[in-house]
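Data first, discussion second: the structure below is written as structure tokens.
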Amino acid sequence: MATKRKDWKAEWEAIAKENRKLAKRANQRLVRLKRASERPGMASVTEFAYKVAMRDLTSLGKTGEKKRFTENPKIMQINDGSKNLTGDALYRANVMRAKLEQKMLKNFLSAASSTIGKARAYEDEGIKATEGVRAVWDRVTNTINDKYLSEYDLQMTDNDLKRFWESKKQAKLETEVGSNQMFAVAAIMKKYNLKANKRDFERFLRNNMTLPSGADYKQRKGESFNEYLERVQEFAQYTDDEVLNDAINRALKNGINVNNIFI
């Protein structure tokens, strides 16, 4: 009994129809994310699912700053290296490309960071319900504030956390003080605007710490910042937790401060 021949043309038409709906929805989200990124405090919304989508679109041959998925897919001419494909070979090659784009579309639409608000589910298309960027960051921010910062009466905003994770110094801070303490160290640096130079640190001590009479906390000529910090760190009581205070001073000595941990 002869094997039934696959109808590549029919498969192409079916997947093109499905991609048309997905692409329209995805492009609407891309536009909304781009517009949202222009609002105060929302610049980072294009750093997640949007950024991945841009890379995917580039791999599909899309160009320009406003790359978008194909809403009206048409058969593309494809060359196998020696000749242009025709007939079933051409339809098959287009089906493979369309399936690749569909996978990218579904990955984007199912990503929590593809929307600003809440997005309903499209279960019939294999796309799970998602939370928007704002909902994701709200949850992350609340968790970190409750778990790591509340005992010190500190907190970070979602924008603080975005800037923190984007900082090139975040990984170094985690290495220096550990993943449990890094949030508190960063939050205290922000609270006191701690910078790694003698003039600003002297001002911080004078304005924020209770200094004993005759305390030798002023900077000295020729003294490096690390030497200065080593000398005056007994006056830098950021919190009642001596271990945390030591972690903050250790981070400062390693070049981590408010200017580079919240870029």
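Just to be sure, is Q233 assigned to a loop (DSSP other than H, G, I, E, B) and either in the same structural domain as V45 (by TED's automatic domain parsing) or over 30 Å from V136 (Cβ atoms) (or both)? Before the answer, list the steps.
Values: assigned to a loop (DSSP other than H, G, I, E, B): no; either in the same structural domain as V45 (by TED's automatic domain parsing) or over 30 Å from V136 (Cβ atoms) (or both): yes.
Spelling it out, it is not the case that Q233 is assigned to a loop (DSSP other than H, G, I, E, B) and either in the same structural domain as V45 (by TED's automatic domain parsing) or over 30 Å from V136 (Cβ atoms) (or both).
Mind checking which pairs have a first residue in segment 52-80 that is at positive phi and surrounded by fewer than 13 Cβ atoms within 10 Å (Cβ to Cβ) and a second that is assigned to a loop (DSSP other than H, G, I, E, B) and among the hydroxyl-bearing types (S, T, Y), Cβ under 6 Å, 6 or more apart or different chains?
No pair meets every condition.
Of all residues in segment 211-248 being polar (S, T, N, Q) and surrounded by 13 or more Cβ atoms within 10 Å (Cβ to Cβ), which is farthest from K195 (Cα to Cα)? Quick ask: steps written out before the conclusion?
Filtering segment 211-248 for residues polar (S, T, N, Q) gives 213, 219, 224, 226, 233, 237, 239, 245.
Now restrict to residues that are surrounded by 13 or more Cβ atoms within 10 Å (Cβ to Cβ): 219, 226, 233, 237, 239, 245.
Values: Q219: 14, N226: 12, Q233: 14, Q237: 16, T239: 17, N245: 15 Å.
Among those that are polar (S, T, N, Q) and surrounded by 13 or more Cβ atoms within 10 Å (Cβ to Cβ), it is T239.
Quick grid of which residues meet (1) small (G, A, S); (2) modelled with pLDDT of 70 or more:
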{"position": "A89", "(1), (2)": "yes, yes"}
{"position": "A98", "(1), (2)": "yes, yes"}
{"position": "F108", "(1), (2)": "no, yes"}
{"position": "A129", "(1), (2)": "yes, no"}
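Do any residues in segment 251-263 that are under 17 Å from S44 (Cβ atoms) have Cβ atoms under 7 Å from those of residues that are aliphatic (A, V, I, L, M), where the two are at least six apart or on different chains, and which pairs are they?
I261/L173; I261/A186; I261/M189
Could you say whether any residue in segment 105-122 is assigned by TED's automatic domain parsing to the domain that holds K17, within 21 Å of K21 (Cα to Cα) and of a type in the set (V, I, T)?
Yes - at least one qualifying residue is present in segment 105-122.
So which residues in segment 64-75 are at pLDDT 90 or above and either in contact with a strand residue (DSSP E or B) (Cβ under 9 Å, 6 or more places away or on another chain) or farther than 14 Å from K24 by Cα (or both), if there are any at all?
Within segment 64-75, the subset at pLDDT 90 or above is 67-75.
Within segment 64-75, K74, I75 meet the criteria.
Can you pull out every residue in segment 170-194 that is under 12 Å from N254 (Cα atoms) and of a type in the set (K, R)?
Within segment 170-194, just K172 meets the criteria.
The values are calculated or read from the model by the stated rules, or taken from the named source; none is laboratory data. These figures come from a predicted structure and were not determined experimentally. Reconstructed Cβ throughout: ideal geometry from the backbone, glycine too, with neighbour counts over all protein chains shown.
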